[in-house]
Amino acid sequence: MIVALAIGASPAQAQSPPSGRPLNPTAASRSGLAYQPYLPYDLSRSRWSASFEYGNAIESDQQGSASYLLDAELMRTTIAWTRDLTPRTWIALQGEVDGSYAGFADGFFVWYHRQIGFVQPERTARPRNTYGYEIVLPDGTRYAPERTPVALGDARVTLGLRHDAEQQTSLAVTLPTATGHGNFGRGVPSVSVSHALRIDLADPLFWEISAGAGFTPKHGPLSDYEHTLFGMGTTGVRIHLWGGQSIYGYFFYHTPYYHNTTLKSLDNRELTGDFGWMIHSRGGNEWRIGMSEDLAPGDAGIDLVFKVSGTW
């Protein structure tokens, strides 16, 4: 299928890197901010998109009486519908299904990190393919979300405004529709705004940057330690190879989700790298295969995430 798509691919002027947001439940359950790439205008049709993400997480941090453990494999499947309202405005509706597991791939992730020369003492100290998720805070608060194979996540509504062929502002609201016990939802609505700028530097190199701010009210047993205002920034490039083929890579930065827990893994900002390959077909469809890597161990980033997504 991929070969057939590559043969029938068209020039990739419309392509942007895929959207991105945290998969770690301690982060995703707080901030509604997400990287929203520039969406080209196409009033002639609605667009559907789907993405599947599967990641391996291992975080182990202890400071005095406070501790944090996240040892899990995490899944998120997202379906979205997008429609242009006018040449300048668009709307997107998005829903998701999430899951957390003891997993089966710890051995593979250990092998992969060895190949790139990265050692994870937290992983080697834990039994393989075992679920663990527990937060203990200085005031004695203990929070231990259960493993949840399948659950709904929060719904998202996004309104976008194109200022010109290079700039776009988007406003997103998430609604507390999450189910299950895996700490996938925020429990309250959130609102965020972001601005993206796409610059054609010199064919075949294209640069895109974005910045955003968001607000999520405090909620739940960790509310005394939660931030409510958040900031985000991204920067990255797409390189057009031939026909509809492109590769991309970008950095995702997010301000801290928590404060005063004494645990760096919770109080630190997030820095994640995302990279992959895209195909833009003659029919206007896009298909993407990528990976995310935590670039700053000890923050809220997931160690490694595999991503497959498409838009049609």
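The values are calculated or read from the model by the stated rules, or taken from the named source; none is laboratory data. No experiment lies behind these values; they were computed from the predicted model shown. Don't worry about glycine lacking a Cβ; one is built from the backbone with ideal geometry, like all the others, and counts go over all protein chains shown.
Overview of results
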read-out: Residue that is surrounded by the most Cβ atoms within 10 Å (Cβ to Cβ) [pool: residues in the stretch 96-109 that are assigned to a strand (DSSP E or B) and touching an Asp or Glu at 6+ places or on another chain (Cβ under 9 Å)]; value: S100
read-out: Within the stretch 226-250, considering residues that are of a type in the set (S, T, Y) and closer than 30 Å to D267 by Cβ, the one farthest from the chain's Cα centre (by Cα); value: T228
read-out: Hits in the stretch 241-280 - residues which are over 30 Å from T228 (Cα atoms) and surrounded by fewer than 22 Cβ atoms within 10 Å (Cβ to Cβ); value: L241, W242, G243, Q245, I247, G276, W277
read-out: Candidate set from the stretch 262-284 (those that are touching a helix residue (DSSP H, G or I) at 6+ places or on another chain (Cβ under 8 Å) and either among the charged types (D, E, K, R) or not in a strand (DSSP E or B) (or both)); member that is nearest to L304 (Cα to Cα); value: E270
read-out: Any hit, the stretch 146-163, residues being closer than 28 Å to H259 by Cα and loosely packed, with under 14 Cβ neighbours inside 10 Å; value: yes
read-out: Within the stretch 22-48, tally of residues that are crowded, with 20+ Cβ neighbours inside 10 Å and either among the small types (G, A, S) or closer than 29 Å to W111 by Cα (or both); value: 11
read-out: Within the stretch 70-95, considering residues that are of a type in the set (D, E) and under 20 Å from the mean Cα position of the chain (by Cα), the one surrounded by the most Cβ atoms within 10 Å (Cβ to Cβ); value: D71
read-out: Unique residue being within 18 Å of D274 (Cα to Cα) and of a type outside the set (A, V, I, L, M, F, W, C) when the list is G236, G214; value: G236
read-out: Selected residue (only one of D294, D224, D203 is crowded, with 20+ Cβ neighbours inside 10 Å and acidic (D, E)); value: D294
read-out: Residue within the stretch 115-135 that is without any contact (Cβ under 8 Å) to a residue 24 or more places away in the chain, among the aromatic types (F, W, Y) and surrounded by fewer than 16 Cβ atoms within 10 Å (Cβ to Cβ) present; value: yes
read-out: Counted residues, the stretch 61-87 - those being more than 21 Å from T148 (Cα to Cα) and either in contact with a Leu (Cβ under 6 Å, 6 or more places away or on another chain) or not charged (D, E, K, R) (or both); value: 14
read-out: Qualifying residue in the stretch 148-158 (condition: within 30 Å of L43 (Cα to Cα) and of a type in the set (V, I, T)); value: yes
read-out: Some residue of the stretch 230-238 being more than 20 Å from A202 (Cα to Cα), at pLDDT 95 or above and among the aliphatic types (A, V, I, L, M); value: yes
read-out: Lone unmet requirement of (1) surrounded by fewer than 22 Cβ atoms within 10 Å (Cβ to Cβ); (2) in contact with a strand residue (DSSP E or B) (Cβ under 9 Å, 6 or more places away or on another chain); (3) closer than 30 Å to R83 by Cα for G283; value: (2)
read-out: Scan of the stretch 124-163 for residues that are touching a helix residue (DSSP H, G or I) at 6+ places or on another chain (Cβ under 6 Å) and among the charged types (D, E, K, R), ordered by number; value: R128
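Matching residues to (1) assigned to a loop (DSSP other than H, G, I, E, B); (2) at negative phi:
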{"residue": "S51", "(1), (2)": "no, yes"}
{"residue": "L74", "(1), (2)": "no, yes"}
{"residue": "T82", "(1), (2)": "no, yes"}
{"residue": "T86", "(1), (2)": "yes, yes"}
{"residue": "L93", "(1), (2)": "no, yes"}
{"residue": "W111", "(1), (2)": "no, yes"}
{"residue": "G117", "(1), (2)": "yes, no"}
{"residue": "E122", "(1), (2)": "no, yes"}
{"residue": "N129", "(1), (2)": "yes, no"}
